[in-house]
Structure formats: structure tokens, C-alpha cells
Amino acid sequence: MFSVMPSLATLARASLIYAAIGRVVGAYLGFCRPDQLRKYLYTIGAVEVTPLAGRIFTMWVTLTGVLCVVAAHQFHVQAFRLTAIASFGLAFSHFMSEVFIFRTLRFKDTYSTMAVALTCTVLLTLNELMGM
């Protein structure tokens with residue numbers, strides 16, 4: 001039967017590529033424009049975003065961006081998919097701790113980041129549960 005709806009695996013792979021693109025933007029901001037991280041993301045704790053913190057943020061998002069690309073390219077390898085799910089969980093934990101514990105972020109400033117992370121996590125988890 002012909003269907004125009006892409007498969008769950010295709011959607012999950014596309015979401016990983018989309019997340020990787022977002023992480024490239026984050027890496028650029030962290031390395032080249034840490035002032036933008038203060039302006040748009042860490043708005044409450046802006047004084048804590050130093051050039052060093054920006055470079056550390058860059059390495060983190062670069063590493064996770066590479067992970068997204070590898071997981072999308074080698075989607076048949078379950079270990080990559082599970083590692084990608086774990087990376088989104090860690091990112092979610094980081095941002096929620098910054099909002100509720102350290103209070104350096106406003107929840108509204110994390111909407112787009114959380115939307116991408118949640119979409120990827122849901123699609124990847126459903127893919128795992130339904131069997132690739």
C-alpha cells in the first residue's frame with residue numbers, strides 16, 4: 001500500500017539532523033558570540049556567561065551535534081540511537097536545573113530548545129518501542 005506519510009524512522013532521522021543544525025548555531029554563538037548567549041539564553045545569570053563558559057558550551061553542543069549526525073547516518077545501530085536519547089535527556093536535565101535550581105534561565109527562553117529536544121526524544125523513543 002502506498003503512503004505519503006514518512007515512516008517513524010525517517011521522521012526520527014530528520015529530527016536528529018534538525019537538532020544537529022541547531023547545535024551548529026549554538027556552537028557558533030558559544031564560540032564567536034557568547035554575548036548572544038547572555039542576551040537570548042542565560043538571561044538571568046548573564047554575568048556567569050564568560051568567554052570560557054561560551055567555549056565550554058561550544059564543545060558540548062558540538063559534541064552532541066556530531067552525535068546527532070552519526071546517529072542519523074548510522075540509524076541502524078541501536079547504540080547510537082540510545083546514546084542520542086540519553087544526550088537529549090542530559091540536555092533537558094541541564095536546562096531544567098538552570099531554570100529551577102540555579103535560576104540563570106527563564107523557562108520561556110528554553111521553549112525552542114525544549115521543543116526540539118522533546119520532539120527528538122519522543123520520535124526516537126517511539127521508534128525504539130515500535131522496533132525500527
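FYI, it's all coordinate maths here, none of it is from the lab. Owing to the predicted nature of the structure, the values given are computational and were not obtained by experimental measurement. Methodologically, a virtual Cβ is constructed for each residue, glycine included, from the backbone with ideal geometry; neighbour enumeration extends over all protein chains shown.
Values computed for the structure shown
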{"quantity": "Spacing of the two label points (7 Å from each Cα toward its C-beta) at ILE44 and ILE101, in nm", "calculated": "1.4 nm"}
{"quantity": "Spin-label pair ALA79/LYS108, simplified geometry with 7 Å Cα→Cβ offset, distance in nm", "calculated": "4.5 nm"}
{"quantity": "Farthest toward positive dipole pole in segment 1-100 [+1 Lys/Arg, -1 Asp/Glu at C-beta], among SER15, GLN36, PHE57", "calculated": "SER15"}
{"quantity": "Per-q log10 I(q)/I(0), the chain, q = 0.14, 0.16, 0.20 Å⁻¹ (Debye; single scatterer per alpha-carbon; no solvent)", "calculated": "-0.64, -0.79, -1.11"}
